[in-house]
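Structure first, commentary second.
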Amino acid sequence: MYQEILNEIFKEVGQSNCRGKQADYIPELAKVPPDKFAIYLTTLDGKSCGVGDLNDKLSLQSIAKVFGFTLAYKLKGNAVFQHVGVEPSGDPFNSLIQLEQEHGMPRNPLINAGAIAICDILIDKLSNPEQDLLDFIRKIAHNDTITYNPKVYQSEKATGHRNRALIHLMKSFGRINNDTETVLDLYFKLCSVEMTAPELSKTFLVYANHGKIPETQEQILTSSQTKRLNAIMQTCGFYDEAGEFTFRVGLPGKSGVGGGIAAIHPGKYAVAVWSPLLNSKGNSVKGMKALELLTTKLGWSIF
Ligand code: DON
């Protein structure tokens, strides 16, 4: 059933006249062929299927913020919310205005400022942050080959002026403990993690499985923490388009400017979709369309 639905979506999205623009503020991302498309779904009862460019790695970008936050939440518990809030920003992902008005406290862990504050925590807590964070992602992915992409990392490091502005603003309010370039380095590395759509869908299954890695049964977050993280994805995962995504798709999820979106239906499945052309809010045009079609055709969402 799932495969037939995904095939229909592939056809319908392929025929639709969706317009969008690739992220080019990170030059390496602009090199990805714009017509790439993949969708892959993995269920908790062991089924998986997909269609499209399933062997290509996509740059996770902001999707990886979910993994950074998962590790910080695991390590610090509720104290993590002394560093980031849980309110949707209603603003672009890299906006400075709200951060200034709110004295350097990021609205949530999924906007850039929030994810940077989370990287600052990880540097405080981990003995070898870059390797430990990668090992953690590999653990939830159940895949030791997952890695950072050095070209994407370098490309963002060379052009990340807005993220530098965000961290310096936070530092001016006394909210960053570590050296700003050290923190940004970890943030840029996290954003550069790449996976195929099947790998991404399998990695997100932990959030559909109440915080337990399906293959090993290891509990990464408690069921209550996982509920809270999924709530943050639902309300904050698409920045100033979180309402639109909730309205059209009805699942918790997270987008990235590489054109990926990962979403979950708690207790049922995780899905990853990829198409590099973005709308003006930085979310994949075809990715959102594909997920809207998925929940419509399945007749299930969380609402
Ligand atoms: O910091 C940045 O601008 C990127 N590494 C991540 C932004 C992103 O993916 C926003 N998502 N839609």
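The values are calculated or read from the model by the stated rules, or taken from the named source; none is laboratory data. Because the structure is a prediction, the values reported are computed rather than measured. Glycine also receives a Cβ, built like all others from the backbone with ideal geometry; neighbour counts cover every protein chain displayed. The accessibility values were calculated without ligands, DNA or RNA, using every heavy atom of the protein model including side chains. Shrake-Rupley method; radii C 1.70, N 1.55, O 1.52, S 1.80 Å.
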The number of residues in the stretch 22-48 that are open to solvent by less than 20 Å² (accessible area, probe 1.4 Å) and either within 12 Å of the ligand (Cβ to nearest atom) or not aromatic (Phe, Trp, Tyr) (or both) is 8
Residue 286 being basic (Lys, Arg), open to solvent by 10 Å² or more (accessible area, probe 1.4 Å), at pLDDT 95 or above and within 16 Å of the ligand (Cβ to nearest atom): yes
Single residue of 239, 207, 187 found to be of a type in the set (Ser, Thr, Tyr), crowded, with 24+ Cβ neighbours inside 10 Å and over 23 Å from residue 295 (Cβ atoms): 187
How many of the residues making up the stretch 76-95 are more than 19 Å from residue 61 (Cβ to Cβ), surrounded by fewer than 18 Cβ atoms within 10 Å (Cβ to Cβ) and not small (Gly, Ala, Ser)? 6
In contact (Cβ under 8 Å) with a residue 40 or more places away in the chain, touching a Cys at 6+ places or on another chain (Cβ under 8 Å), open to solvent by less than 40 Å² (accessible area, probe 1.4 Å) and assigned to a loop (DSSP other than H, G, I, E, B): does that describe residue 110? yes
Would you check if residue 148 is over 23 Å from residue 252 (Cα atoms), out of contact with any Pro (no Cβ under 8 Å at 6 or more places or on another chain) and open to solvent by less than 30 Å² (accessible area, probe 1.4 Å)? yes
Open to solvent by 50 Å² or more (accessible area, probe 1.4 Å) and of a type in the set (Ser, Thr, Tyr) - does that describe any residue in the stretch 151-166? no
